[in-house]
1. Enumerate the strands (runs of 3 or more DSSP E) found wholly within the chain, keeping only those where 1 or more residues are modelled with pLDDT under 85 and out of contact with any Lys or Arg (no Cβ under 8 Å at 6 or more places or on another chain).
2. Taking only pairs six or more apart or across chains, which ones have beta-carbon atoms under 7 Å, a first residue in segment 12-24 that is near the ligand (Cβ under 10 Å from one of its atoms), and a second residue that is of a type in the set (A, V, I, L, M) and not in a loop (DSSP other than H, G, I, E, B)?
Amino acid sequence: MAKELVHETKSKAFWSGRVTAWCGATAKAGEYSTTWFASVTCPGCKAARKARKAGKK
Ligand SMILES: [Zn+2]
């Protein structure tokens, strides 16, 4: 079983159920794992978080 990447949720359109992750990936809710607080494994989301902490866009 392949290990799923866990993305960090950037925003969730609750009216459509569409989720946007910090790495830019979008999917319907449930199509990939997203999390607000737990460990994120997606490299793109991690990089985006790091950039935010560094005060960059
Ligand atoms: Zn991601």
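The values are calculated or read from the model by the stated rules, or taken from the named source; none is laboratory data. Given the structure is predicted, the values throughout are model-derived calculations rather than measurements. All Cβ positions, even for glycine, are placed from backbone atoms using ideal geometry, and neighbour counts span all protein chains on display.
1. The strands (runs of 3 or more DSSP E) meeting that bar are 6-13, 33-35.
2. Matching pairs, first to second residue: TRP22/ALA48; CYS23/ALA48.
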